[in-house]
Amino acid sequence: MLYKVIAILVLLWLAGLATFIMLGGLIHLLLIIALFIFVVEFMTAKSA
């Protein structure tokens, strides 16, 4: 489930880069949040 959300956010980010829309900043912020969640998930999965 988490990986699907990350994939969707990455696709939205790429769409924002391709079209240079005003919401590009928001999409970049969502990508940073998705990457942070991915790193946290990866670290917790390693320790478990």
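Look at region 1-22: where a residue is modelled with pLDDT of 75 or more and a partner is surrounded by 11 or more Cβ atoms within 10 Å (Cβ to Cβ) and acidic (Asp, Glu), sitting 6+ places away or on another chain with Cβ atoms under 8 Å, you get 2/41.
Taken across region 32-41, residues that are modelled with pLDDT under 75 and either more than 10 Å from the chain's Cα centre (by Cα) or assigned to a helix (DSSP H, G or I) (or both) do not occur at all.
The values are calculated or read from the model by the stated rules, or taken from the named source; none is laboratory data. Just so it is clear, the structure is predicted and the values come from calculations on it, not from any experiment. All Cβ positions, even for glycine, are placed from backbone atoms using ideal geometry, and neighbour counts span all protein chains on display.
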